[in-house]
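A.B. asks: Take this structure, written in structure tokens, and hold onto it; I'll ask about it next.
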Amino acid sequence: MEAKAKPGVETYRERAERRRRVRGTGDARGDGWQRTEADEQLLRLVTRYSTLTLHQAAAACWGGRIEAARLRTRLMTEAGLLHRSADVRWAGTVVWTTERGAQIAGTGLSAPNRPGERLLHRLALADVGLRLEAGGRMVLTEREVRAAEAVDGRAAELLADRGVPHVPIGARRGDLLAVPAGARAVHWPDLVVWLPGDGRLVAVEVELTPKPTAALRTILRAYRQAGRRVVYLGTEPVVRQLQGRTGPDGWLDGVAQDVGLLPRGGAAPAPDGGLLQVQPLRIADPSVAGQVARHASRQRSPG
């Protein structure tokens, strides 16, 4: 039996109803809740990465405390700053920002679209990016790259603001973060990471499914021609497609050897490290990792 509230003291349900009615952002006393630094961090992250699981939100913002993440995301959903859904069983609860939430995040990005058939890729990508950020790396998501490259000079300003040294001035739109792929086309990396040790930008591609061979060859050639470093993090079928595999009569080269980004006859990178690294995809979120494994088991590399 629910205990009766003291006169003049709101119950949780009454406060929740006030949050839904007022739709306050947690700034004013009458909003029914108060926004914290961790809440604001989550709004920024979920706007940049499009969608996060409750597990990812807890790890990034609340020290892994799932119940804290559950409570705070519920408050922000009631206040109209987040969307929350548990429609996809394997993912559990996922969140993404509303337009109001994206505005409060202050990233300059609009609210992401509702997660659809690419939910697994979104969450795998977020898992990788959050882990890199936790390790002290400066990370730009594809959403940030597209927004920065949309206006001449904005990409250079963004990198300079983030503390990246020796940013080339006067780079053409689409040349600094994106990768030119022909006369007019560009390829958008999943992530762009700055490694402070050597001061260079590195593209990161998170691949769950082998691409058509011609499409992959075009992307790899674009990286080679631009002289841009790229790390591919892929499931086992993707790794085989890129770097090859052992066949009955010896090593069968992959697409990376065909375009000259890996030496022929094996999976080892070039002696100087080269422009390309291929690594198995590792995911921290258990629900996402399990679904990635199930997805990979149903794939096969194109011939």
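A.B. asks: With a 1.4 Å probe and every protein chain left in place, work out the accessible area per residue of the stretch 144-303 in Å², rounded to a whole number.
C.D. replies: Values: 8160 Å² over 160 residues.
Ligands and nucleic acids excluded, the figure is 51 Å² per residue.
A.B. asks: In nm, what is the difference between 0.36 nm times the number of residues separating A215 and L132 and their Cα-Cα distance? Write out the running numbers ahead of the final one.
C.D. replies: Numbers: separation 83, 0.36 × 83 = 29.88 nm, distance 2.73 nm.
Computed gain between A215 and L132 is 27.1 nm.
A.B. asks: Going by a ≥ b ≥ c, the root eigenvalues of the Cα gyration tensor, does the stretch 116-198 fall in the rounded group (a/c under 1.5), the prolate group (a/b larger than b/c) or the oblate group? Intermediate results must be reported in sequence, preceding the final value.
C.D. replies: Numbers: a/c = 2.24, a/b = 1.19, b/c = 1.89.
Oblate is the answer for the stretch 116-198, as a/c is 1.5 or above yet b/c matches or exceeds a/b.
A.B. asks: Summing Lys, Arg as +1 and Asp, Glu as -1, what charge do residues with Cβ under 12 Å from the Cβ of G266 carry, G266 excluded? Intermediate results must be reported in sequence, preceding the final value.
C.D. replies: On the way: positive: R245, R264; negative: D253.
Computed value for this residue: +1.
A.B. asks: Applying 1/(1 + (r/R0)^6) with R0 = 30 Å to the Cβ-Cβ distance of S297 and L252, what FRET efficiency is obtained, to the nearest 0.05? Could the numbers behind the result be given before it?
C.D. replies: Working: r = 21 Å, r/R0 = 0.71.
Calculated value: 0.90.
A.B. asks: Would you please name the trypsin sites (Lys or Arg not before Pro) within the stretch 242-297 that are DSSP coil residues with at most 12 other C-beta atoms within 10 Å of their C-beta? Could you put the intermediate results ahead of the total?
C.D. replies: On the way: sites: R245, R264, R282, R294; in loops: R264, R282.
Answer in residue order: R264, R282.
A.B. asks: Between N113 and R84, what length comes free when the chain is fully extended (0.36 nm per residue of separation minus the Cα-Cα distance, one decimal in nm)?
C.D. replies: Details: separation 29, 0.36 × 29 = 10.44 nm, distance 1.28 nm.
Value of the extension gain: 9.2 nm.
A.B. asks: Computing the accessible area with a 1.4 Å probe over protein heavy atoms, can you report the carbon and sulfur percentage for the stretch 25-142? Kindly include the intermediate steps, with their values, before the conclusion.
C.D. replies: Numbers: 2340 of 5230 Å².
The C+S portion of the solvent-accessible surface of the stretch 25-142 is 45 percent.
The values are calculated or read from the model by the stated rules, or taken from the named source; none is laboratory data. The shown structure was predicted, so the numbers you read here are calculated from the model rather than taken from an experiment. Positions of Cβ are backbone-derived with ideal geometry, glycine not excepted, and every protein chain shown enters the neighbour counts. Heads up: the accessible areas ignore ligands, DNA and RNA and are worked out on the full protein's heavy atoms, side chains in. Shrake-Rupley method; radii C 1.70, N 1.55, O 1.52, S 1.80 Å.
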